[in-house]
Ligand SMILES: C[S@@+](CC[C@H](N)C(=O)[O-])C[C@H]1O[C@@H](n2cnc3c(N)ncnc32)[C@H](O)[C@@H]1O
């Protein structure tokens, strides 16, 4: 499976779209806002980096939906406030690049530009900008921009996606799958599985840093938010539960065992040390901040309706989690298991989530990393 060809979130604005099922990711972007703000203002106030005539900003893995311009909007707010506090009578101009893989629903993004420009004009007036937004399709594991051209690069919930499923998950002599019955690192995965995932993450992340180092000006910033883990080989992830749901469907002959045995998600949730080590090994950036915060699986769930009884509420929360996982994982799962099982898979998955959430309060770790180019 060529990840770059297959990977994208569910497009459009329908019931199962990412646009309609990304409130959790919105909470993540707003939680990371403070780190973004501190990273920008530290450069201006502490390190005396001055704004160029045209500030070039990129959001990598922007997807499509209400979150696409959220981080960009935060960055513009932060720059506006900084210009005001410095008594500048005009802000820089802005060129903004929205990046994602070619399968992303870029047309939906283009349709949102005019209302975004209108809002900017109304809220910030004539002394701000102008701002020019464009798309840059392609993988962030390759080059995206000219040498020494970018000032602020942001990415939320994208860098935990790998460029490929680790090749070492299959025995290269016998062809046997090492992670049978699972779709990610899980309690029953042998150590070789964890090692294969970590290797792939290290290879990908070093490439990412190396390419950005060619593109970002000295003093430029990268702010990344990813799903992380506290223990590097921690199997406690929501993907394990999705794997178990697929396994049940194998046992009931709805899915062939072989297609599950040969399938693994191209994801890795590193711990803070693993991230830091790659940045230090590559050497072009300094780590300014590395913050971790925990979130509940159902963060972003709309506050309860008054007439909801506890059972109903639990059910809705389980479905909320299952729906956002579907918006993220469906295209890749359809490629392996076919479209026909998707409704059944995600309705079973929602039930398992409800059971798990009843047993314990599920939280997971997020890492926010801010780097400056040396
Ligand atoms: C969960 S979405 C996050 C979208 C948005 N940033 C947000 O926080 O709501 C992850 C996005 O990263 C993109 N992505 C994954 N790997 C990528 C790569 N190698 N290059 C560019 N985009 C990638 C996916 O296509 C997807 O749109």
Please specify each residue of region 62-112 satisfying the condition of being more than 27 Å from residue 41 (Cα to Cα), more than 10 Å from the ligand (Cβ to nearest atom) and touching a strand residue (DSSP E or B) at 6+ places or on another chain (Cβ under 9 Å). 106, 109, 110
Residue under evaluation residue 70, criteria (1) surrounded by fewer than 22 Cβ atoms within 10 Å (Cβ to Cβ); (2) within 25 Å of residue 213 (Cβ to Cβ), criterion not met: (2)
Members of region 229-248 that are modelled with pLDDT of 90 or more and closer than 25 Å to residue 371 by Cβ: none
Could you list, in sequence order, the residues of region 134-149 that are over 22 Å from residue 219 (Cβ atoms) and in contact with a helix residue (DSSP H, G or I) (Cβ under 6 Å, 6 or more places away or on another chain)? 135, 139, 141
When (1) under 30 Å from residue 43 (Cβ atoms); (2) away from the ligand (no atom under 16 Å from the Cβ); (3) touching a strand residue (DSSP E or B) at 6+ places or on another chain (Cβ under 8 Å) are applied to residue 153, the one that fails is (2)
Pick from region 326-345, criterion touching a residue at least 24 places away in the same chain (Cβ under 8 Å) and more than 21 Å from the chain's Cα centre (by Cα), ranking: nearest to the ligand (Cβ to nearest atom): 336
Do you know which residues across region 56-102 are more than 22 Å from residue 24 (Cα to Cα) and under 18 Å from the mean Cα position of the chain (by Cα)? 57, 97, 102
Scanning region 15-53 for residues that are modelled with pLDDT under 80 and more than 16 Å from the ligand (Cβ to nearest atom), which turns out nearest to residue 294 (Cα to Cα)? 43
Within region 267-276, does at least one residue satisfy the condition of being under 21 Å from the mean Cα position of the chain (by Cα), modelled with pLDDT of 95 or more and closer than 15 Å to residue 373 by Cα? yes
Filter result (within 29 Å of residue 109 (Cβ to Cβ), touching a helix residue (DSSP H, G or I) at 6+ places or on another chain (Cβ under 6 Å) and in a loop (DSSP other than H, G, I, E, B)) within region 150-183: 157, 162, 163, 164
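The values are calculated or read from the model by the stated rules, or taken from the named source; none is laboratory data. Nothing here was measured: the structure is a model prediction, and the numbers come from that model. Because the Cβ atoms are built from the backbone with ideal geometry, glycine has one as well, and the counts that use them run over all protein chains shown.
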